[in-house]
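Engineer: What follows is a structure written as structure tokens; I'll ask about it next.
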Amino acid sequence: MKKYIAYEKLSKKEKKKIDNGKRKTWGDLNPVTRKPINSKVYNRKKNPRLACAYDTLI
């Protein structure tokens, strides 16, 4: 049985182990991919055929 030691008296390494264990993870989710697309930014990957089709109609 481990002896209880107050958190304030633990070493930095032991505190870090406890703190890391309490933190939650995102799991399989990547938070960067959950951002909405900014409509004001120029998008190179936009389908060029849509722009060509629009130009031929005018």
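Engineer: So, in region 7-58, of the ones that are within 30 Å of the chain's Cα centre (by Cα) and of a type in the set (A, V, I, L, M, F, W, C), which residue ends up modelled with the lowest pLDDT?
Structural biologist: Residue satisfying both the conditions and the ranking: Val32.
Engineer: Could you grab me the full set of residues in region 5-35 that are surrounded by fewer than 10 Cβ atoms within 10 Å (Cβ to Cβ), assigned to a loop (DSSP other than H, G, I, E, B) and either touching a residue at least 12 places away in the same chain (Cβ under 8 Å) or of a type outside the set (Gly, Ala, Ser) (or both)?
Structural biologist: Arg23, Lys24, Thr25, Trp26, Asp28, Leu29, Asn30, Lys35
The values are calculated or read from the model by the stated rules, or taken from the named source; none is laboratory data. Source: prediction; values computed, not measured. For neighbour counting, all protein chains shown are included, and Cβ atoms are generated from backbone atoms with ideal geometry for every residue, glycine included.
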